[in-house]
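Each reported figure results from applying straightforward, stated rules to the coordinates on display, with no laboratory input. Just so you know, these numbers come straight off a predicted model, no measurement behind them. With ideal geometry, Cβ positions are generated from the backbone for all residues, glycine too; neighbour counts draw on all protein chains shown.
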Amino acid sequence: MPAQLVVDTTVMSYNKEGIGRYVASLLENFSLEVASKTLLVTLNEQVLPESILKKGFREKNIVVPGGRFVGLRTARAVVKVAREEDNALLLNTHSHLVAWLYTNTAWLVHDISPVVHPEFFGLQDNKAKGFAFNFLFGAAMHKARYILTTTKFVKDEIIAKYNVNSEKVWVIGAGMSDDIEINANEKKTLSKFTLEKYRLSENNYFLAIGTLSPRKNYSLLLKAYADYLVADESAAAKLVIVGKKGWLYDEIFETYNSLKSQLQDKVVFTEYVSDAELIVLLESCKAYVNPSLYEGLGLPLLAAVKAKKPMIVSNIPPFKELTSGLAEFFNPQSEAELVARLKTAPEKGKAPYTAAQAEAVLLQYSWPAVVSRLIDLLKLT
């Protein structure tokens, strides 16, 4: 029997965080009944986690060699699978090319940053590539049967930019994953090991989380942190930046090197850390800091709320939407504003909001609720 729904999981083969983690969390919360009617498309040697496999999904693996136009060739292979399933509804988790090629698509658009901020991706320097991307992206917006977003901010941006029918753009949201189960003794040992590994002390470092890329605005963060150190270098908290190298990240390290005399032994780039280490780093930090210039969502903010930590974040719309006023905001173009926020961060990592306020925010962002909205929209029950 043909599948009722085909899900493109290929993004999970190369992006295990961010979008990949989002897709995994969706699938982990599908009911057994819906999973039995769903076909997952995997790429090359991709192996799905056991938390997804145990649901009983059918799988179809596609093999796409690397090289030129790999994105387009992968999109074509995914669409071919959907067509072979009697033109089943395709949950397209990341690719505008899939939405452009196949109309019966529910396209999950996390944000439209390549369109509104081409400089974050180097598209402003390649006019032909930028034109082609914008044309196909816009065409896909009008071709897709449904457009799914994580925040009202992204939905409003899409409608304003592309003049699409608001009735086909749906906010399904995002969720907070359950903490990894660690007993008290193991957690104490892990906490001690993690802090010693990065030469940190509890509640005496600022924590930033996110791939090293232009829109994360880490260059401004480094400059502001250097100014913060001037006040009292001996007592000042360290700065920890968790995130793998993404793209166009040279400016970040150029800024660091230009300030190395001040920042050496004060700034820690961890690159990738395990989920368990990330929990420890969040729970032990003085404050969570996010200076992003643009985001569609920002799941680390919710993790900071769950850890009940002070938040110092840029005043962009999705962050205000997510945190419901629990964060301290600053203009991401203003180094001085960020410095002021760093200087006035609460001592001992104590959040300036109550546990009840944190719980009220987190209740809005559960994966079962996200999946329920998705299933209702796609009429899969």
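The lysines within cross-link reach of K188, meaning a Cα-to-Cα straight distance under 28 Å and a gap of 8 or more places when in the same chain, are K16, K197, K238, K244, K266, K286, K306, K308, K309, K348, K350. For S292, the shell of other residues with beta-carbons less than 12 Å away shows a net charge of 0, using +1 for Lys and Arg and -1 for Asp and Glu.
In the chain, the calculated helix contribution to ellipticity at 222 nm averages -12500 deg cm²/dmol per residue, counting -39,500 (n - 2.57) for every DSSP H run with n ≥ 4.
Here the residues T270, T344, T105, ranked from fewest to most Cβ neighbours within 10 Å of their Cβ, fall in the order T344, T270, T105. Is any residue of the stretch 61-100 close enough, with backbone N under 18 Å, to a label point placed 7 angstrom from the Cα of N126 along the Cα-Cβ axis, and if so, which? In the stretch 61-100, the label zone of N126 (backbone N under 18 Å from the point 7 Å along Cα→Cβ) covers 66-75, 95-98. Legend: P(r) of the chain from all alpha carbon pair distances, 10 Å bins from 0, whole percents, reading 5, 22, 31, 25, 14, 3, 0. If the chain linking I19 and K188 were pulled fully straight, counting 0.36 nm for each residue of separation and taking away their Cα-Cα distance, it would gain 57.8 nm. With a Förster radius of 35 Å applied to the C-beta separation of E167 and N257, the computed FRET efficiency comes to 0.10.
Enumerate the aspartates and glutamates that K168 could reach by cross-link, defined here as Cα to Cα under 18 Å, with residues fewer than 8 away along the same chain left out. Leaving aside aspartates and glutamates fewer than 8 places away in the same chain, those within reach of K168 are D111, D156, E157, D376.
The relative contact order of the chain comes to 14 percent, based on Cα pairs under 8 Å that sit 6 or more residues apart.
The Cα center of the stretch 97-153 and the Cα center of the stretch 215-261 differ in position by 31 Å. Take every DSSP beta bridge whose two residues both sit in the chain; close to 0 percent of them are antiparallel. Normalising the Debye intensity of the stretch 184-362 to I(0), with uniform scatterers on Cα atoms only, and taking log10 at q = 0.12, 0.17 Å⁻¹ returns -0.51, -1.09. Across the stretch 275-381, the relative contact order, built from alpha-carbon pairs under 8 Å that are at least six residues apart, equals 26 percent.
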